[in-house]
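A short reminder: the numbers here are calculations on the coordinates, not readings from a lab. Given the structure is predicted, the values throughout are model-derived calculations rather than measurements. Please note: Cβ atoms are built from the backbone with ideal geometry, for glycine as well, and neighbour counts cover all protein chains shown.
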Amino acid sequence: MYSIQLVALSDEIFQGVLRERRFESNGMKIGDPIHFTTAISKNVDMIITGDDHFHKLNEVFINSSGNKIKCLDTDEALKLL
């Protein structure tokens, strides 16, 4: 039903963090861009989190298929799953 993977921090992901300037303009700390860059490169459709600052970035970033990445809390995500 769910596809959950543990993903290693690769050079590709790290380089993506360094290239993406929107992370700085959104005031993200280093861990947050790693999450988003991984989500983009692994074609994630949704990030489920309790972090409010992620919710403010709902549909700001685009995955590798061109779809907006949803950033939802658990209650919102359960309605969609």
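A few points about this structure:
- Helical content alone sets the calculated 222 nm signal of the chain at -11000 deg cm²/dmol, taking -39,500 (n - 2.57) per DSSP H segment of four or more residues and averaging over every residue.
- Evaluated over the Cα positions of the chain, the convex hull gives a direction-averaged projected area, one quarter of its surface, of 5.4 nm².
- Counted charge near Lys29, where neighbours are those whose Cβ lies closer than 15 Å (Asp, Glu -1; Lys, Arg +1): -3
- Full extension of the chain segment joining Gln15 with Ile30 gains 4.1 nm, where the gain is 0.36 nm per residue of separation less the Cα-Cα distance.
- Scalar couplings 3J(HN,Hα) for region 57-65, obtained by applying the Karplus form with A = 6.51, B = -1.76, C = 1.60 to θ = phi - 60°, are 9, 4, 6, 7, 9, 10, 7, 5, 8 Hz; x denotes Gly and Pro.
- Ranked packing of 28-40, 7-19, most packed first, by mean Cβ within 10 Å: 28-40, 7-19
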